[in-house]
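Notes for the one structure printed next.
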Amino acid sequence: MKKPTRSVYPARLEGELAPELNRWLWLFKWFLLIPHYFILLFLWLAFIVTTVVAFFAVLFKGRYPRGIFDFNVGVMRWSWRVAYYGYSALGTDEYPPFTLAPVPDYPATLEIDYQESRSRGWTMIKWLLLAIPQFVIVSIFAGSRGWECGLIGVLVFIAAVVLLFRKRYPHEIFDLVMGLNRWVVRVLAFAALMRDEYPPFRLDTGAKEPAAK
């Protein structure tokens, strides 16, 4: 019997767990990240506006404006670096840079492939119906108040306590946290109309994206 194939979703999220983490620093990262949180508040407000503009562009022209796409990917990329340093992973003690641009040498990366042509009818169906099951799942993973709540937040807190008392980050928790964050990003990319492909109901754990089969 032929085995089912597995493709790599065109929204890719990865993170490299630091071999050594400060056992106390996570207690103060919320304070260190205040400048990022302040800037990201305005960036996400702009993200909402640009996504609405992109919605009508896709609906009437069948194309997601490239400038808006690059900006929105940048906002998600910046947010992932902050989340990875902070309480959605605690995977590094390297302070995240203030930039929308890719930073290849930073231990957390996020990339989304640009899709040239889009289905106009698919746009309305996507927003009104198909994304609902994914939203329910993601709300459990990330919580209703942001990336750092929900199941992800609980797992990261457990990892932080282990780090505090045993000076190590459990790799099993890290791999699961990465899989949950990866699922959230895929759904966000789909809901923001950045890709037409429906996110798989699949938990791809680990630091790296799974290889296609």
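The values are calculated or read from the model by the stated rules, or taken from the named source; none is laboratory data. If you're wondering where the values come from, they're calculated on a predicted model, not measured in any experiment. Here the Cβ positions follow ideal geometry from the backbone for every residue, glycine too, while neighbour counts run over all protein chains shown.
Here are the numbers for the structure shown:
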{"read-out": "Within the range 94-136, considering residues that are touching a Phe, Trp or Tyr at 6+ places or on another chain (Cβ under 7 Å) and hydrophobic (A, V, I, L, M, F, W, C), the one modelled with the lowest pLDDT", "value": "L130"}
{"read-out": "Count of residues meeting criterion [assigned to a helix (DSSP H, G or I) and exposed (fewer than 11 other Cβ atoms within 10 Å of the Cβ)] in the range 25-34", "value": "2"}
{"read-out": "Residue in the range 41-50 that is buried (at least 16 other Cβ atoms within 10 Å of the Cβ), among the hydroxyl-bearing types (S, T, Y) and closer than 27 Å to K208 by Cα present", "value": "no"}
{"read-out": "Hits in the range 77-99 (condition: closer than 12 Å to L32 by Cβ and assigned to a helix (DSSP H, G or I))", "value": "V82, Y85"}
{"read-out": "Positions within the range 170-205 being assigned to a loop (DSSP other than H, G, I, E, B) and among the β-branched types (V, I, T), in sequence order", "value": "T205"}
{"read-out": "Inter-residue pairs, beta-carbon under 9 Å, first farther than 17 Å from W78 by Cα and in the range 8-31, second among the polar types (S, T, N, Q) and modelled with pLDDT under 95, 6+ apart", "value": "P10/Q115"}
{"read-out": "Of all residues making up the range 154-169, the number that are assigned to a loop (DSSP other than H, G, I, E, B) and either at positive phi or in contact (Cβ under 8 Å) with a residue 40 or more places away in the chain (or both)", "value": "2"}
{"read-out": "Residue check, L110 under 29 Å from F157 (Cα atoms), touching a Ser or Thr at 6+ places or on another chain (Cβ under 9 Å) and among the aliphatic types (A, V, I, L, M)", "value": "yes"}
